[in-house]
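Working notes for the structure below.
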Amino acid sequence: MAYTRVNWEDLPSTDTPINAVNLNIMDEGIYDLDNNRNVLYDGNIREYGDYTLNDNVNNYDYIEVFAGRGTDFGGNSVKIRRAQESGKILLYYNNNAGTEVYIHIMKFSWSGTTFTYSQTTEIQLSNNESVVVKPANSVTLSYDTIHKIVGWKK
């Protein structure tokens, strides 16, 4: 969640109550400041293409990309230094029956305020020891999701 000011109002206004929602907004802002991080993109990226990061990206030494399967983050993250400007995330999961293992390699790059998700390669391993590699253009992206991109300072 990107930090958004509450803009507190004095009593007798009831527009800015002291409640869990407002306190959690403030709490996350304090945490981010204390850890020298800032959310640069908060949303689900499920298609190849270019995505614009928050303009503050130029203030950070590296970004961290969080990805997983489905709508809830439960996967991996990778940090990319400014000088490196590209990276890959490895997602590993079993199918429902447990007879196959899938490995997805998500590839992306970062230049200025542009984040590009360029490909996913799938490697499928089955119990009969066969290996199938699907090229990037044949992988279904409906479940591979980049959930959040965070900027970090040293």
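The values are calculated or read from the model by the stated rules, or taken from the named source; none is laboratory data. Keep in mind that this is a model prediction, so the values were computed, not measured. Note that we place each Cβ from the backbone using ideal geometry, even for glycine, and neighbour counts take in every protein chain shown.
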**Q.** Of all residues in the range 98-139 being in contact with a His (Cβ under 8 Å, 6 or more places away or on another chain) and in contact (Cβ under 8 Å) with a residue 24 or more places away in the chain, the one that is nearest to VAL65 (Cα to Cα)
**A.** THR120
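Within the group THR114, THR145, THR121, which residue is polar (S, T, N, Q), under 20 Å from LEU53 (Cβ atoms), modelled with pLDDT of 80 or more and assigned by TED's automatic domain parsing to the domain that holds ASP50? Can you show your working first?
On the way: THR145 fails: modelled with pLDDT of 80 or more; THR121 fails: under 20 Å from LEU53 (Cβ atoms).
Result of the check over THR114, THR145, THR121: THR114.
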Q. Going through the range 124-142 one residue at a time, which ones are at pLDDT below 80, surrounded by fewer than 16 Cβ atoms within 10 Å (Cβ to Cβ) and farther than 21 Å from ASP42 by Cβ?
A. ASN127, ASN128, GLU129, PRO135, ALA136, ASN137, SER138, THR140
Q. Quick check: anything in the range 53-68 modelled with pLDDT under 75, within 12 Å of the chain's Cα centre (by Cα), under 22 Å from THR120 (Cα atoms) and assigned to a loop (DSSP other than H, G, I, E, B)?
A. no
Q. So how many residues does the range 31-58 have that are more than 29 Å from ILE105 (Cβ to Cβ) and exposed (fewer than 11 other Cβ atoms within 10 Å of the Cβ)?
A. 2
Q: Restricting attention to the range 78-92, report how many residues are more than 16 Å from THR116 (Cβ to Cβ) and at pLDDT below 70.
A: 4
